[in-house]
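J.: Sharing a structure with you now.
The values are calculated or read from the model by the stated rules, or taken from the named source; none is laboratory data. The structure displayed is predicted, hence computed values, not measured ones. Because the Cβ atoms are built from the backbone with ideal geometry, glycine has one as well, and the counts that use them run over all protein chains shown.
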Amino acid sequence: MEWITTPLEHAVGGDTVIWRYMDLAKFISMLSTGLWFTRGASFRDDPYEGFCEASHRDFPVDEYGPGPPVLKEPATISFARLIAEASYANAEVCRNARAHLYVNSWCLTNESMAMWQIYGPPPYGVAVTSTVDKYQRALKIPPSFRQQVLFGKVKYHDDLAVSPEIRRDFSDGAIPLGPKCFERVLTLGLHKRSCYKYETEWRAVLYQDPKPEVSGVQIPVDLDQMISSVYVAPRAEDFFVEVVSSIMDKFSLRKPLESSSLLAAPLRKQDRDILPTPTKPVV
């Protein structure tokens, strides 16, 4: 089964390069156990993560009263009550999207000093690069659960609380079921406030039933297929490069390892002109 189709406004090309910045401990965790998807409710620095305003149908005034019933035993209910309950259930899931959504975040911008400072603390930060296609192919999620995962770039809003894109109306029309319901919730994870715009974020968003006892889930991934290259932070010393290289060897990760050149002194034209000409390797 294929993944849910990414809405056009959140889509990027499959060959788009994505970056993930982290400290050494998280790098080792990724290599040993897979990708960490953080539960929306665990984002203490962003209370708007997964924010949604949702409306539902009015309940008919019947033997259960005007609101949602608390059934103590099986009972026959009217069709109007059944539809109202389905509408209410969908609205509640959207209102509580923070409890249902788990995200794994990457950066679309080419190498960023701000991201190094925040997520890959110098001088001991590590970053890995991939592409959107490589990431999707590498993620080890069973086909039967792929309709609960959405990929896309984040859209930023000056006033997220009043944006029509985080509103869900279940008060009229057909009630979405299955993948259609998942999609209505998952897209909420692709909207953030503009104060985070510097992250130029691309995400994988996973839907799950609420698990308040956990802060996230680890998803297995084919690292060799996902990772294009590994970078160490701009101020990393030689010994740290050797440490990262040793860790990559331990996990049999045969990918290019590079030191960030963001703080390298610029070469003037005359300096570039006298650089040695690369020689063709002898076959």
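J.: In the range 219-275, what count of residues is obtained for those that are modelled with pLDDT under 95, within 28 Å of the chain's Cα centre (by Cα) and loosely packed, with under 11 Cβ neighbours inside 10 Å?
T.: Summing the residues that are modelled with pLDDT under 95, within 28 Å of the chain's Cα centre (by Cα) and loosely packed, with under 11 Cβ neighbours inside 10 Å in the range 219-275 gives 1.
J.: Considering (1) touching a helix residue (DSSP H, G or I) at 6+ places or on another chain (Cβ under 8 Å); (2) buried (at least 20 other Cβ atoms within 10 Å of the Cβ), say which one Pro210 fails and leave the rest.
T.: Against the list (1) touching a helix residue (DSSP H, G or I) at 6+ places or on another chain (Cβ under 8 Å); (2) buried (at least 20 other Cβ atoms within 10 Å of the Cβ), Pro210 comes up short only on (2).
J.: What number of residues in the range 186-207 are more than 26 Å from Thr33 (Cβ to Cβ) and either buried (at least 17 other Cβ atoms within 10 Å of the Cβ) or not small (Gly, Ala, Ser) (or both)?
T.: Here the count works out to 10.
J.: When residues of the range 84-110 are filtered for being under 16 Å from Glu199 (Cβ atoms) and either among the aliphatic types (A, V, I, L, M) or surrounded by 17 or more Cβ atoms within 10 Å (Cβ to Cβ) (or both), how many remain?
T.: Step one: list which residues in the range 84-110 are under 16 Å from Glu199 (Cβ atoms), which gives 103-110.
Of the ones still in play, those that are also either among the aliphatic types (A, V, I, L, M) or surrounded by 17 or more Cβ atoms within 10 Å (Cβ to Cβ) (or both) are 103-108.
So the count comes out to 6.
J.: Read through the list (1) free of Cβ contacts under 8 Å to residues at least 40 places away in the same chain; (2) surrounded by fewer than 17 Cβ atoms within 10 Å (Cβ to Cβ), then give the number of the only condition that Pro123 fails.
T.: The number of the failed condition is (1).
J.: Could you count how many residues in the range 23-41 are surrounded by fewer than 16 Cβ atoms within 10 Å (Cβ to Cβ), in a helix (DSSP H, G or I) and in contact with a strand residue (DSSP E or B) (Cβ under 8 Å, 6 or more places away or on another chain)?
T.: Matching residues across the range 23-41 total 2.
J.: Return the residues of the range 190-237 that are among the small types (Gly, Ala, Ser) and assigned to a loop (DSSP other than H, G, I, E, B); say none if nothing qualifies.
T.: Result: Ser215, Ser228, Ala233, Ala236.
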